Amino acid sequence: MFVGNLKIQSLAASVLALACLTTPSFGADLPAQKAPPVPTPPVFTWTGFYVGMNFGHAWTGSDPIAVASANALDLTAGGFGQASGLGGSGVTRARLDDYYFGGQAGYNWQFAEKFVAGLEGDIQGAGVRGGGGLANVTAAPGGFAVTSARLRRSLEHFGTVRGRFGYAVTPTILVYATGGLAYGGVNIISAMAQTLTPSTLFAKVAEGDRYENRLGWTIGGGAEMALGHNLSAKLEYLYYDLGSASFAVPLAFTDLTIGALQLINVMRVSTRFNGHLLRLGLNYRFDWSIPPTSNSAATPLFASPEFAMTERSAFADWRIKVMPYLWAINTNGTLIARGDAIGTDTTIVDAFTKTSSFPLAFMGRLEASNGPLSLYGDFAWARLRFSGSTLKLRSPVADVALAISASGRLRQTLAIGEAGVGYELARWKFLGGTNSSTALDAYAGLRYGYIGLDLTLNAFGAANSELLELDVVGARSTARSGKIQWVDPVVGLRVRHEFAPGEEFQMRGDIGGFGAGSKFSWQFYGGYSRDFEFKGLKLTGMVGYRAVGIDYSTWQNGQENGLNAIIHGPVTGVGMRF
């Protein structure tokens, strides 16, 4: 019995041991805990559509303005013909050196990992100009031909349409070569006076003014560095060549004793418009145009953005923004005075280097919005003062001519004011972004313009101005003033792209006049703004570019007076939000 129990216990122990050896371990069979995969950050790519602005300096490649005079008729007793032609010939330096501002837009495509191809177009408001004079005394068989001339040239606006091909030396630094089409508006102005002595021959001043839109070519290169996913800065050099421009002007002498034409010269003025550009630029690439990237910067040629319409802004509390700003005003165009067209070009550089006192300016914008509704008011006022030899060389009143021993003071006042109402028409969202959205507004209102001129002359000799109906001979002190003002109805559209709350790019354009005020007027503005706080104050910073075009004329006593010009320049400001 005892032996049997022992055998049973031994068998049970063996079975238990076997069970322990063969029973699975549940803890060992649990799957291993793996760390969640780390998302790979997108690779930076240069592909995408961008807009931007630039600022730079232009300097000339070819200095001279050449004048060649040929005698076409000589009936004078003193044989003045050949001397008159030779005296009216010569060369003067007229360097096209100045600063300019502008904007650009383009598209890049990055392929084969590091290569980038693109197309870019730009336009700049220039007022780049230069000029000089000629003074000759030429002997003739019967006396002398005394000649003096003023010659000027200007590049009023210019732009390019170029291809770009580059290499990404690092993911965020691109070096490139560029070249293509160049275009621009060029202007040549001349005035030549000649005296044949001793004689009774007299000739009016031979004046010429030639404006052309020209096409040429450009080539250059640059480097661009990404400052973020959307923003990049560039340094670029271009050489441009718009070819040569010329025109002919007659110089005719009449014998005052018999009233008959005795001598005719034909004066041909020619110059070449070419030079160098060096500029800094800032570009912004739109999210919707950037294809997604993972392991490579090379992308398809175009992205496939997806948009969705969203609800318009709802009515709530009023939001008010007050923005004092600075507008670096440049003007390019024509004054029409008593039927005569007079070229006028000034830049912001003139406001500081060629004025007799610091320029005065007041500019500000007020905007109140509630949901889709917005009300706005904008006013820009500036006053410039010129004096002394500045009037003789160049002034906003381009036809003011002062003789030797003459001095003068000119005050120019410019004001542009506008007010109106806007309404949000639509709003949509880019599905590839988290916070970005775009809105389209329509607006309508009124725009007021004023240009005033006040001129004081103290002359011993002669001075004249067709615009101010001024004619001074001898020793006199004379003051004249004139003004042009108008009110235009305007209608326009505005696009607001919000990258994130408080960060916005805005572009607006309008047209107006329609014969109710001016013949036609237009305006364009593009700029970036960002909200921030400083010591509890809610502030907004803004930088952009503004241009206003005006074609206005009025008739007085059967003669036309008016303005056909573009007023433009960069704007910047810091304002408050309420």
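Annotations
- Per-region count, segment 87-103, residues part of a strand (DSSP E or B), open to solvent by less than 10 Å² (accessible area, probe 1.4 Å) and touching an Asp or Glu at 6+ places or on another chain (Cβ under 8 Å): 1
- Under the condition of being more than 23 Å from Ala177 (Cα to Cα), open to solvent by less than 60 Å² (accessible area, probe 1.4 Å) and part of a strand (DSSP E or B), the residues counted in segment 106-145 number 15.
- Pick from segment 76-86, criterion open to solvent by 10 Å² or more (accessible area, probe 1.4 Å) and either acidic (Asp, Glu) or within 14 Å of Thr197 (Cβ to Cβ) (or both), ranking: modelled with the highest pLDDT: Thr76
- Residue within segment 236-254 that is more than 30 Å from Ser154 (Cα to Cα), open to solvent by 40 Å² or more (accessible area, probe 1.4 Å) and either polar (S, T, N, Q) or touching a residue at least 40 places away in the same chain (Cβ under 8 Å) (or both) present: yes
- Matching option when the condition is in a strand (DSSP E or B), polar (S, T, N, Q) and open to solvent by 30 Å² or more (accessible area, probe 1.4 Å), among Asn283, Asn213: Asn213
- Taking residues in segment 369-382 that are at pLDDT below 95, and partners anywhere that are not hydrophobic (A, V, I, L, M, F, W, C) and not in a strand (DSSP E or B), the pairs with Cβ atoms closer than 6 Å and at least 6 places apart or on different chains are Gly371/Ser313; Pro372/Arg312; Pro372/Ser313.
- Sole exception among (1) farther than 30 Å from Arg279 by Cβ; (2) of a type outside the set (Lys, Arg); (3) modelled with pLDDT of 85 or more for Gly27, by number: (3)
- Of all positions in segment 202-210, none carries a residue that is in contact (Cβ under 8 Å) with a residue 24 or more places away in the chain, open to solvent by less than 60 Å² (accessible area, probe 1.4 Å) and of a type outside the set (Gly, Ala, Ser).
- Of all residues in segment 170-188 being over 30 Å from Glu212 (Cα atoms) and assigned to a strand (DSSP E or B), the one that is farthest from the chain's Cα centre (by Cα): Thr170
- Residue in segment 172-182 that is closer than 30 Å to Gly90 by Cα and surrounded by 18 or more Cβ atoms within 10 Å (Cβ to Cβ) present: yes
- Check on Leu73, in a strand (DSSP E or B) and open to solvent by 20 Å² or more (accessible area, probe 1.4 Å): yes
- Qualifying positions in segment 272-319 - over 30 Å from Gly61 (Cα atoms) and polar (S, T, N, Q): Ser289, Thr293, Ser294, Asn295, Ser296, Thr299, Ser304, Thr310, Ser313
- The number of residues in segment 40-70 being open to solvent by 60 Å² or more (accessible area, probe 1.4 Å), assigned to a loop (DSSP other than H, G, I, E, B) and either without any contact (Cβ under 8 Å) to a residue 12 or more places away in the chain or within 19 Å of His157 (Cβ to Cβ) (or both) comes to 1.
- Selection over segment 300-325 of residues that are farther than 17 Å from Glu367 by Cα, at pLDDT 75 or above and either outside any loop (DSSP other than H, G, I, E, B) or touching a strand residue (DSSP E or B) at 6+ places or on another chain (Cβ under 6 Å) (or both) gives a count of 5.
- Residue in segment 186-193 that is surrounded by fewer than 21 Cβ atoms within 10 Å (Cβ to Cβ), in contact with a Phe, Trp or Tyr (Cβ under 7 Å, 6 or more places away or on another chain) and within 30 Å of Gly133 (Cα to Cα) present: yes
- Looking only at residues in segment 329-368 that are open to solvent by 50 Å² or more (accessible area, probe 1.4 Å) and under 30 Å from Tyr423 (Cα atoms), the one that is modelled with the lowest pLDDT is Phe362.
- Exactly one residue among Ala168, Ala126, Ala94, Ala145 is at pLDDT 90 or above and under 28 Å from Tyr240 (Cβ atoms), and that residue is Ala168.
- Residue match in segment 151-159 (condition: among the hydroxyl-bearing types (Ser, Thr, Tyr) and either crowded, with 19+ Cβ neighbours inside 10 Å or closer than 25 Å to Val548 by Cβ (or both)): yes
The values are calculated or read from the model by the stated rules, or taken from the named source; none is laboratory data. On a predicted model such as this, the values are computed, not experimentally measured, just so you know. In this analysis, Cβ positions are derived from the backbone assuming ideal geometry, glycine residues included, and neighbour counts consider all displayed protein chains. Only protein heavy atoms, including side chains, enter the accessible area calculation; ligands, DNA and RNA are left aside. Shrake-Rupley method; radii C 1.70, N 1.55, O 1.52, S 1.80 Å.
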